[in-house]
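Report on the following structure.
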Amino acid sequence: MEILDNTPLLLRDYIDDANLLVNWKDIEFCINNPWQYNPSIIHKTLATRIPLKYSNSFWFDKAIPDKQQVMDYVKQGHTLVLENFSVHSIATHAVCKKIEDIMNVTADMHVHCSLGKSNSHPIHCVTEDNFILQVSGETAWKVYDKLGPTGSVVIDTILRPGDMLFIPSNTYQAADPFEKRISISIPCSKLSNPIDRRNLKLL
């Protein structure tokens, strides 16, 4: 992994076979197991969260979203976001563990996907360092300097499968997916010690 500082960085063809981390079969599995992956939906034109129906289950200590509703929204072309994906497989564990060991952070994977052109988050910033990995399809990205939307664009590019962006914390960014695509966001928190991944159950 590159030496990282507080500067956005574009890495072309950084990961071979990114689809080994997540593919549409994995996404279908996640939708059918919503208690693990906390799915949410972003409206394909409004770029706002669509409220989901939740219900309580005897077997879980929290309300879970209705998986049929989630699937219906995905089929309608809205953007699906899945969290907690770092525990999905040995491969996703390994990527996050490497990042955690190097950066002394706690990492997760969030999958963003849609079956066609669909808006993602509007221009925004997050408080964690973040890696963006394009898995399939293409997405236009803009990353701004520390002045935010009123400042300069320091990266204006199209991510293709295998490309990765590093976006430092508190940096404004915007994604514009324009076709069927899957991408992975890897937020890195410095507020807690890295997870001991040896003790996590692999699904």
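The values are calculated or read from the model by the stated rules, or taken from the named source; none is laboratory data. No experiment lies behind these values; they were computed from the predicted model shown. Because the Cβ atoms are built from the backbone with ideal geometry, glycine has one as well, and the counts that use them run over all protein chains shown.
So here's what we get for this one:
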| item | result |
| --- | --- |
| Only one of Cys30, Cys113, Cys96 that is over 19 Å from Gly162 (Cβ atoms), surrounded by 17 or more Cβ atoms within 10 Å (Cβ to Cβ) and touching a strand residue (DSSP E or B) at 6+ places or on another chain (Cβ under 7 Å) | Cys30 |
| Subset of segment 38-68 that is of a type in the set (S, T, N, Q) and exposed (fewer than 15 other Cβ atoms within 10 Å of the Cβ) - its residue that is nearest to Met109 (Cα to Cα) | Thr48 |
| Search result, residues across segment 67-86 that are modelled with pLDDT under 95 and in contact with a strand residue (DSSP E or B) (Cβ under 8 Å, 6 or more places away or on another chain) | Ser86 |
| Single residue of Thr127, Thr92, Thr157 found to be among the polar types (S, T, N, Q), within 17 Å of the chain's Cα centre (by Cα) and either part of a helix (DSSP H, G or I) or more than 19 Å from Ser189 (Cβ to Cβ) (or both) | Thr92 |
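Okay, residues lined up against (1) hydrophobic (A, V, I, L, M, F, W, C); (2) touching a Ser or Thr at 6+ places or on another chain (Cβ under 8 Å); (3) farther than 22 Å from Lys75 by Cα:
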position: Ala107; (1), (2), (3): yes, yes, yes
position: Gly116; (1), (2), (3): no, no, no
position: Asn119; (1), (2), (3): no, yes, no
position: Val126; (1), (2), (3): yes, yes, yes
position: Val135; (1), (2), (3): yes, yes, no
position: Met164; (1), (2), (3): yes, no, yes
position: Asn170; (1), (2), (3): no, yes, yes
position: Glu179; (1), (2), (3): no, no, no
